[in-house]
1. Looking at this structure, is L59 over 19 Å from M1 (Cα atoms), hydrophobic (A, V, I, L, M, F, W, C) and crowded, with 16+ Cβ neighbours inside 10 Å?
2. Any chance region 80-96 includes a residue that's assigned to a helix (DSSP H, G or I), touching a Phe, Trp or Tyr at 6+ places or on another chain (Cβ under 9 Å) and not aliphatic (A, V, I, L, M)?
3. Condition first: under 14 Å from E81 (Cβ atoms), out of contact with any Leu (no Cβ under 9 Å at 6 or more places or on another chain) and surrounded by 13 or more Cβ atoms within 10 Å (Cβ to Cβ). Now tell me which residues in region 2-31 satisfy that.
4. Which one is nearest to P16 (Cα to Cα) among residues in region 52-70 that are out of contact with any Cys (no Cβ under 8 Å at 6 or more places or on another chain), touching a residue at least 24 places away in the same chain (Cβ under 8 Å) and not in a strand (DSSP E or B)?
5. Considering only residues of region 71-84 that are without any contact (Cβ under 8 Å) to a residue 12 or more places away in the chain and either surrounded by 15 or more Cβ atoms within 10 Å (Cβ to Cβ) or closer than 30 Å to G13 by Cβ (or both), which is nearest to the chain's Cα centre (by Cα)?
Amino acid sequence: MIHHLVCFRFKAGTTPEQVERAGQALLGMKGRIPEIREIRWGPNFGPSTNDYTHVLTVLLDDMAAVGRYLAHPVHVQVVAEALAPIREARLAIDVEG
């Protein structure tokens with residue numbers, strides 16, 4: 001299994017409601033993208049909170065599944081519509097576990 005972790009930092013002026021809508025859009029990918037086994041979204045409670053305030057965790061079978069997930073039209077649409085307008089930076093990590 002691959003844990004696909006994405007840490008997010010949002011643009012200045014982004015409201016909590018915008019972040020909440022983005023999170024709900026991300027969570028809404030489950031059931032629409034077959035490769036997703038589990039998905040979680042929430043605030044970063046660690047010491048890097050000032051750098052990356054929120055974290056997405058997606059559990060997928062293998063790196064091939066990660067590639068299909070990233071290219072899936074639903075993922076592409078969610079990123080373009082819900083994240084791109086408010087995202088300042090992101091850090092993606094894929095780890096086996």
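1. Working: over 19 Å from M1 (Cα atoms): no; hydrophobic (A, V, I, L, M, F, W, C): yes; crowded, with 16+ Cβ neighbours inside 10 Å: yes.
In short, no.
2. To start, the set of residues in region 80-96 that are assigned to a helix (DSSP H, G or I) comprises 80-83.
Subset that is touching a Phe, Trp or Tyr at 6+ places or on another chain (Cβ under 9 Å): 83.
Filter once more, keeping what is not aliphatic (A, V, I, L, M): none.
No, region 80-96 has no match at all.
3. Residues of region 2-31 under 14 Å from E81 (Cβ atoms): 18, 21-26, 28-29.
From what is left, the residues that are out of contact with any Leu (no Cβ under 9 Å at 6 or more places or on another chain) are 18, 21, 24, 28-29.
Matches in region 2-31: Q18, R21, G28, M29.
4. Filtering region 52-70 for residues that are out of contact with any Cys (no Cβ under 8 Å at 6 or more places or on another chain), touching a residue at least 24 places away in the same chain (Cβ under 8 Å) and not in a strand (DSSP E or B), the one nearest to P16 (Cα to Cα) comes out as T53.
5. Filtering region 71-84 for residues without any contact (Cβ under 8 Å) to a residue 12 or more places away in the chain gives 71, 73, 76-77, 79-80, 84.
Pick out the ones that are also either surrounded by 15 or more Cβ atoms within 10 Å (Cβ to Cβ) or closer than 30 Å to G13 by Cβ (or both) and you get 73, 76-77, 79-80, 84.
Working: P73: 15, V76: 11, Q77: 13, V79: 8, A80: 12, A84: 12 Å.
Here the residue is V79.
Laboratory data are not the source of any read-out in this text; all were calculated from the coordinates shown. Remember, predicted model here, so these are calculated numbers, not experimental data. Backbone-built Cβ (ideal geometry, glycine too); neighbour counts: all protein chains shown.
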